[in-house]
């Protein structure tokens, strides 16, 4: 596998968790959902690259299956999280469950 493709695969995998974390840190529901969708896009990009490796014979069926199982699990958890947050947006419970009690922070 060439250096560029390896780098793209590693970047796609890293972007999944990075976008979840960044979206959560934004502290608004719409931004969080936007970053979850970006994470799902990175997940799809990663899968596409792995399928490509399998098609050209650079990845065995066994290795692809070993990748596919956790990938499938992560993707489904991201989808479930997004659906849950969309439900909270509809019912208006996001603020109640997410907002921390007001405190004064002193250094």
Could you tell me whether any residue of segment 9-25 is modelled with pLDDT under 95, loosely packed, with under 10 Cβ neighbours inside 10 Å and out of contact with any helix residue (DSSP H, G or I) (no Cβ under 6 Å at 6 or more places or on another chain)? no
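Looking only at residues that are assigned to a loop (DSSP other than H, G, I, E, B) and closer than 12 Å to residue 29 by Cβ in segment 62-107, which one is modelled with the lowest pLDDT? Let's see the steps before the verdict.
Narrowing segment 62-107 to residues assigned to a loop (DSSP other than H, G, I, E, B): 92-93, 99-107.
Retained after the next criterion (residues that are closer than 12 Å to residue 29 by Cβ): 92-93, 99.
On the way: 92: 78, 93: 73, 99: 55.
Of everything passing the filter in segment 62-107, 99 is modelled with the lowest pLDDT.
What number of residues within segment 57-88 satisfy the criterion of being touching a residue at least 40 places away in the same chain (Cβ under 8 Å) and more than 11 Å from the chain's Cα centre (by Cα)? Outline the logic, then answer.
So the first thing to find is which residues in segment 57-88 are touching a residue at least 40 places away in the same chain (Cβ under 8 Å), and the list is 58, 74, 78, 81-82, 85-86, 88.
Imposing the further condition that a residue be more than 11 Å from the chain's Cα centre (by Cα) reduces the set to 58, 85-86, 88.
Final tally of qualifying residues: 4.
The values are calculated or read from the model by the stated rules, or taken from the named source; none is laboratory data. Model, not experiment: these values are computed from the prediction. Neighbour counts are summed over all protein chains in view; Cβ atoms, including those assigned to glycine, are modelled from backbone coordinates with ideal geometry.
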